[in-house]
Amino acid sequence: MDHAFGRSFTLGVEEELLLVDRATLALAPVAERVLAGVGDHPRERLAHEAYAAELEARTPVTGGVSEAIAALGESRLAARAAGATLMGAGVHPTAQLGDARLVNEERYRIVGDAMRGLLQRTPECALHVHVGMPDPDTAIWAFNGMRRHLPLLVGLAANSPWWFGADSGMASARAALVRSYPGRGIPRAFRDWDDYCATVDGIVSAGGIDDYTHLWWDVRPHPRLGTLEVREMDAQSSLDDVAALVALVHALARHSAEQTAPRVVAPDALAWSSFRAARDGLDAEILCGERIMPLRDAARVTLDEVRGVGDDGALDGIERILREGGGADRRRRAAARGGAQAMLKELVAETSRSG
């Protein structure tokens, strides 16, 4: 498999953001109009995603968290200047089932034909973090190590407790939605680069898909970009929360790459732990190492592991999330105060303040 590995621990971030009507805060399928109005803002940094009521902001390849967050802030500002009202959430809390117009582009037509009604339920938005890897074998090594941290990341990032106008009972309803797609979830560990390539070849052939980019694993090597990509975190309204999560992924990827013998955990164990994190958010009990422990304790154990590896200042944001609550907690507090409309207003206000 051709690859572009060769950058050591560079950073790139993609965030998917909902577009809503300024007055009603309902989904607004206006991505084409917004993108046409962004002026001099680099077009490669704001783009379509699958849904017409959604944009994707992409950073350049950066060396650190602060540079990446600044780039995301600039893209949010550019979108708002073009008339967008943005909402950072895993799913829109009150959108109706089926309100999911797709973008008229070839890739999304192919995906739509393959996923059919699954893709037409409601738009879903994720935060993706890419960490550059120096070579293919290091990418696989880091991938194997990162798998065990996925439940923690899902719980910390949970930001979609409501779906279709009601509380889902989950901290991340989005996590439940995307599990229905093929090519999602946490794959097994790989022996080496050759094992990964052979496995991907078999999946691509069996799935009748074009290439490995249709394997939407929670974490995946991305040979075309030369990165390890962590995919399955809910999109965030607050850029402070984005910064904290990006810093943690960046530090964990580097830490995983440098481990002499990463512990390999079975996919089924990780899947159950990830479900508990998506269901219970910061209150979950998850697998950490060889023990089950409260997510807050697992987060602090993990922070102790990576202090000094990454951006310790940005990592302090994880402690703030643990102390003050994450997106799902804020959404439910807002709904308790003023119902669904208060929750929607809070989401838009937080997303607006962050750029």
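Where a number appears in this text, it was derived from the coordinates with a stated rule and is not lab data. In this text the structure is predicted, and so the values were computed from the model without any measurement. When we count neighbours, we look across all protein chains shown, and the Cβ atoms used for this are built from the backbone with ideal geometry, even at glycine.
Helices from the chain with mean Kyte-Doolittle at least -1.0 and a Cα length along the axis of 27 Å or more, per DSSP H: which? Both cut-offs are met by 239-258.
Sort LEU287, LEU11, LEU215 so that the residue with the fewest other Cβ atoms within 10 Å of its own Cβ comes first and the one with the most comes last.
Fewest-to-most Cβ neighbours within 10 Å comes out as LEU215, LEU287, LEU11.
Taking amide H atoms as placed 1.01 Å from N in the peptide plane, the amide H of VAL13 lies under 5 Å from those of THR59, HIS130, each 5 or more residues away in sequence or on another chain. Using alpha-carbon positions, what is the distance between the centroids of the range 249-296 and the range 130-192, in Å? When both Cα centres are located, 10 Å separates them. Translational diffusion of the chain, estimated by Stokes-Einstein from the Kirkwood radius over alpha carbon pairs at 37 °C in a medium of 0.692 mPa s, is 163 µm² per second.
When only the Cβ of Lys, Arg, Asp and Glu is charged (+1, +1, -1, -1), the dipole of the chain relative to its Cα centre reaches about 920 debye. Each of LEU282, ALA299, ALA4 was placed along the dipole of the chain (beta-carbon charges, centred on the mean Cα), and the one lying farthest toward the positive end is LEU282.
With θ taken as phi - 60° and the Karplus curve 6.51 cos²θ - 1.76 cosθ + 1.60 applied, the whole-hertz 3J(HN,Hα) list for the range 172-187 is 10, 5, 4, 4, 5, 4, 6, 5, 7, 7, x, x, 9, x, 10, x Hz, x standing for glycine and proline.
List every residue whose amide H lies under 5 Å from the amide H of ALA126, counting only residues 5 or more places away in sequence or on a different chain, with H placed 1.01 Å from N in the peptide plane. Placed amide hydrogens put GLU16, ALA235 under 5 Å from ALA126. Distance between the modelled labels on ASP135 and ASP194, one decimal in nanometres: 1.5 nm (7 Å Cα→Cβ projection).
The gain in end-to-end length when the ALA269 to ASP40 segment is fully stretched comes to 77.7 nm, 0.36 nm per residue minus the alpha carbon separation.
For the range 237-284, which trypsin sites (Lys or Arg not before Pro) are in a loop by DSSP, counting at most 16 other Cβ atoms within 10 Å?
Hits after loop and neighbour filter: ARG263.
Each of ALA84, GLY310, ILE186 was scored by the projection of its Cα onto the charge dipole of the range 11-347, and the greatest displacement toward the positive side belongs to ALA84; charges sit on the C-beta of Lys, Arg, Asp and Glu.
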